[in-house]
Each structure stands twice: as structure tokens, then as C-alpha cells.
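Visitor: Here you go, one structure.
Each value in this text was obtained by applying a stated rule to the coordinates, not by laboratory testing. No experiment lies behind these values; they were computed from the predicted model shown. For neighbour counting, all protein chains shown are included, and Cβ atoms are generated from backbone atoms with ideal geometry for every residue, glycine included.
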Amino acid sequence: MTAGEAPAPRPLAGRRVALGVSGSISAYKAVELARRLEDAGAIVDVALTPSAARFIPALTFRSLVHGEVAEDLWDAAAPAEQHVAMGRRAEAMIVAPASATTLAKLAQGIGDNTVTLTALASAAPLIVAPAMDHVMYNQAAVQANLDALKARGVLVAGPAAGRLASGARGLGRLLEPAELAGAVRSAIGRAVGPMRGRHVIVTAGGTREPIDPVRFVGNRSSGKMGFALAEAARDRGAVVTLVTTQAPPAGLFGVVVRRVETAVEMQAEIAKSSPGADALIMAAAVADYRPAEAAEEKLKKSAEGEARMLELVENPDVVAGVEGSLLKVGFAAETSDLIANAQAKIAKKSLVFIAANDVSQEDAGFAVETNRIVLLDAAGGVERLPLLHKYDAAAAIYERLVGEPGWRAV
Ligand code: CTP
């Protein structure tokens, strides 16, 4: 079975997003952003400045989005006060790319085109994604405008460093569409999400316990379930710390990422983040044992035919050792006696519930996009979830978590 049999997640289902595009060579990325937002379930209204429309014609967006496309302020055929309606119905507005000129207008409250007027007419969270030459970006005037916008609660997404249209390298590249879509989801979550203001720690990936500088004891965890959990908590407005052994994908905008390798490092990183945290979602596959010693030099092959012994010592049980009032959710990857084996871990590790999955199935578990999990609690409750995309499985876990008696409601 493949991921195709579980419907694709739609984290922005029912949301209305306004996308403002200003003049920059990177305006082509706004097309991809519009598509991503619509794929995520949003209806996108687009406003183009006259310069943006020179780079990307309005027709391109009209063919792509289910919302309206506003271009010429004086277009007699456009609905009256179109920008006001677009601004009013938006649940988030993103200006991407945001040129130096558009940033200046937004900072000053100037409304002279459909982008700046839509922003003025909107009370929704505003995200700006600057894109320009690095010398322009570093100008005191541009920085002052960005500071003014930030001080008013505007989320500034990027820019990234890299090769610029001028051929120079520096800060000024528009973030990638996946990151910009993540910024929109983050902004909506922080405004209205059911977990807003809460701090959630998520662990992801399998720990790597070194044998020598080039080898480790590891496992098959890809980190995908943990990444989906981080994303889903972010989308619900939580402040998320992701403690991971694997590099996260690009769309995890707004998530604080802490890279670790071993169980002991993971434990230390959680200890740093856990004071004041509301929940720990322990999706990482932690090795139960590690080599007693990690050799400093690469181990050489022993004499022919001779067996080599690797002494292992026990790792700490990371989740069991985390104390405090935070709610702990565990994961259990089993290959036999799923329910009984997972159930036993709830009390042992003082979890509120555990998400168990049978990793011997092809469509659930390691390195696939879907999961079929069973939620088990201390009272013996068994909730079987259908085959779901890992993002939707994560969403189901949070729905359960926010209903727990120990959860601080927003
Ligand atoms: N876990 C942990 N530290 C460990 C081992 C596991 O924090 N040293 C966590 C995992 O992240 C997971 C839960 O405990 O959330 C259950 O993991 P699992 O490997 O199934 O449990 P174990 O206690 O290692 O039991 P088993 O004998 O089945 O390996």
C-alpha cells in the first residue's frame, strides 16, 4: 500500500490567505507559493503591484488560484473596493517577494496599489518576505523599515543568503516557497491555533551511538513522524523545539531545531528545553544500548576469521527520566504483541498516552509517508486510527493531547 491511499493533508483547509506580490525577479516563486497554499487547502487571493505584473502576468495567478486576483487599482471591470474585501476576509496576508519600496510603503502606511491597500485593509497577521540585492537589504533605511514592521508584530520571513540576481552573493534571496508556506501556517497558528502560546518539545529520528569516528549503532527511523509532529504543533500555534538526529525538511519554518546524535545528547537537550514546557512528544527511536567506549581512531579489521565483540552498555531511558508537569507522549514501534507491549510502557515511563504502531506493516512505520497508529492510555483505552498521512496522525495526537485534563487550555 502507498501513501496515495491516505488523503493528502490539508493543514490550511477552509482558510483564506491574501498573497501580495511586489516587483522582484524572484516573483516567479510567488506562483509556486500560491500553488502550495492552495494545495494545503487555502483559498488564495492575489494582489500584484504594477511592477510585479511586469514579471508575472495576473493571468498566471488567475489560472492557478480559487480566489480573486487584483492588479490594476483603476480596472473598471474589477469588483468595487476589491482590495478592501480581500484584506478583510484574509486570515493571513503574506507579501512575497517584498521589495524595498513595498516594505517602505508598508512601514509608512502608504496605500497606492492593490498590495499596500489590501495590507492596510486587513487586520490579519502580516508576513513580509524581503527579496532584493544585498546592498539594498543592508541599507539603514530598509533595516529601519523592517524594524518598524517587526515592532508592530509583522513576521519577517527571511531573506536567505546566497546567489542574488545581480550575480553577487549575500543576504537578500527570497525564502523558498515551502518555507514561505510554513510561515503562513505558523502565523495563522499563532493567531488562532488551539495550542497557541504553549511550548512543545518533539524528538525525531534514530539516535546514533558511535563505535568509532566513522561507524555507529543506529536504527531505521527516518524522523518523518517527528517532523510531522513538529509541523502540526507549529500549525496549531505552539512554540516548538525539535530535538532531532536527522536534518529536517525545508518547510519547518518557525520551529527551533536542535541537532543531536546520541541518546545522552538528546537527554541533555531536552533537559535544557523542558523547564516551562507543556508537552514532550517522544517520537525519536532511542537506542537502548550504546558501545561502552567510542574508539578515537577508526577500528581496523582483526585477524582473519576472528570474531569481534562490541561491548554495549545501557542508555538512560530518556522520556522516563524527564520530570516536571509537562505531559509526555510516547511512541512504541513493535513487531509483535502491539497492544500489550505498548501498554506496559505507559506507566513505566509516566506517559499520558502512547502511540503504538506495528512497524512490520508496509504502509506504517519507518521511512514511509503514512502511519497506522493505535492510541493507548493508562486507563486501558484503545483508539485505533485509520491509515493516515503522518501529518494527520500527528493532528490526531494533538486533538487527544489538548483534551487531556493536565493540558493548560488557551
Ligand atoms: N525511549 C526513551 N529512551 C530510551 C528508549 C526509549 O526515551 N532509552 C522512548 C521512545 O522514544 C518512545 C518510548 O520510550 O517514546 C518507547 O520506546 P521503545 O523503544 O518502544 O521502548 P523501550 O523501553 O526501549 O522498550 P523495548 O524493550 O520494546 O525496546
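Visitor: Can you give the charge dipole size of the chain about its Cα centre, rounded to the nearest 20 debye, using +1 on the beta carbon of Lys and Arg and -1 on the beta carbon of Asp and Glu?
Guide: 860
Visitor: So, one more: At 7 Å along Cα-to-Cβ for each site, give me the label-to-label distance between residue 247 and residue 104 in nm.
Guide: 3.8
Visitor: Could you sort the peptides 87-94, 211-218 by per-residue average Cβ neighbour count (10 Å cutoff), highest mean leading?
Guide: My ranking of the peptides, most packed first, is 87-94, 211-218.
Visitor: Related question: I'd like the distance between the alpha-carbon centres of region 290-359 and region 171-239, rounded to an integer number of Å.
Guide: For region 290-359 versus region 171-239, the Cα centre distance is 22 Å.
Visitor: Evaluate Rg over Rh across region 128-174, taking Cα atoms for both radii and Kirkwood's formula for Rh.
Guide: 0.99
Visitor: Based solely on its DSSP helices, what 222 nm [θ] is calculated for the chain when runs of n ≥ 4 H residues each add -39,500 (n - 2.57) and the sum is averaged over all residues, nearest 500 deg cm²/dmol?
Guide: For the chain, the value works out to -9000 deg cm²/dmol.
Visitor: ³J(HN,Hα) across region 385-392 via Karplus (A = 6.51, B = -1.76, C = 1.60, θ = phi - 60°), whole Hz, x for Gly/Pro?
Guide: Using θ = phi - 60°, the values come out as 8, x, 4, 10, 4, 4, 5, 6 Hz.
Visitor: Rank by packing, highest mean first: peptides 345-358, 131-144, 397-410, with packing defined as the count of other Cβ atoms within 10 Å averaged across residues.
Guide: Most protected by this proxy first, the peptides run 345-358, 131-144, 397-410.
Visitor: Okay, moving on. Dividing the Cα convex hull volume of the chain by residue count, how many Å³ per residue is that?
Guide: 179
Visitor: If you wrap a convex hull around the Cα atoms of region 234-357, how much volume per residue is inside, in Å³?
Guide: It is 168 Å³ per residue.
Visitor: Here's something else I'd like to know. Calculate, for residue 35 and residue 166, the FRET efficiency according to 1/(1 + (r/R0)^6) with r their C-beta to C-beta distance and R0 35 Å; round to the nearest 0.05.
Guide: So, using R0 = 35 Å, E works out to roughly 0.80.
Visitor: I'm checking a number: the convex hull volume of the Cα atoms of region 16-188, normalised per residue, in Å³. What is it?
Guide: Each residue corresponds to 95 Å³ of Cα convex hull volume.
Visitor: Can you tell me the FRET efficiency between residue 323 and residue 10 if r is taken as the Cβ-Cβ distance and R0 is 41 Å, rounded to the nearest 0.05?
Guide: After rounding to 0.05, the efficiency reads 0.60.
Visitor: In whole Hz, what ³J(HN,Hα) sequence does region 41-54 give by Karplus (6.51, -1.76, 1.60; θ = phi - 60°), x for Gly and Pro?
Guide: My calculation for region 41-54 gives x, 7, 9, 10, 9, 10, 10, 10, 6, x, 5, 4, 5, 6 Hz in order.
Visitor: Turning to a different aspect of this structure: Using only alpha carbon positions, build the gyration tensor of region 11-89, then give the equivalent ellipsoid semi-axes as the square roots of 5 times its eigenvalues, largest first, whole angstrom.
Guide: 19, 17, 9
Visitor: With charges set only on the Cβ (+1 for Lys and Arg, -1 for Asp and Glu), what does the dipole of region 1-139 come to about its Cα centre, in debye to the nearest 20?
Guide: 200
Visitor: Roughly how many nanometres apart are two label points built 7 Å out from the Cα toward the Cβ at residue 66 and residue 399?
Guide: That separation, rounded to one decimal, is 2.0 nm.
Visitor: Right, here's the next one. Listed highest first by mean packing, meaning other Cβ atoms within 10 Å per residue, what order do 21-27, 369-375 come in?
Guide: 21-27, 369-375
Visitor: Moving on. If the chain between residue 178 and residue 314 were fully stretched, how many nm would it gain, using 0.36 nm times the residue separation less the Cα-Cα distance?
Guide: Taking residue 178 through residue 314 to full extension adds about 45.0 nm, to one decimal.
Visitor: While we're here: How far, in degrees from 0 to 90, does helix 177-192 lean away from the longest principal axis of the Cα atoms of the chain, to the nearest 10?
Guide: Computed tilt is about 90 degrees.
Visitor: Once fully extended, how much extra length lies between residue 337 and residue 383, figured as 0.36 nm per residue of separation less the alpha-carbon to alpha-carbon distance?
Guide: 15.0 nm is the gain from fully extending residue 337 to residue 383.
Visitor: May I ask which residue of 409, 73, 274 lies farthest towards the positive end of the charge dipole of the chain, with charges of +1 (Lys, Arg) and -1 (Asp, Glu) on Cβ and the Cα centre as origin?
Guide: Farthest towards the positive pole: 73.
Visitor: Under a point spin-label approximation (7 Å from Cα along Cα-to-Cβ), what is the residue 271-residue 144 distance to one decimal in nm?
Guide: Here the answer is 4.8 nm between the modelled labels.
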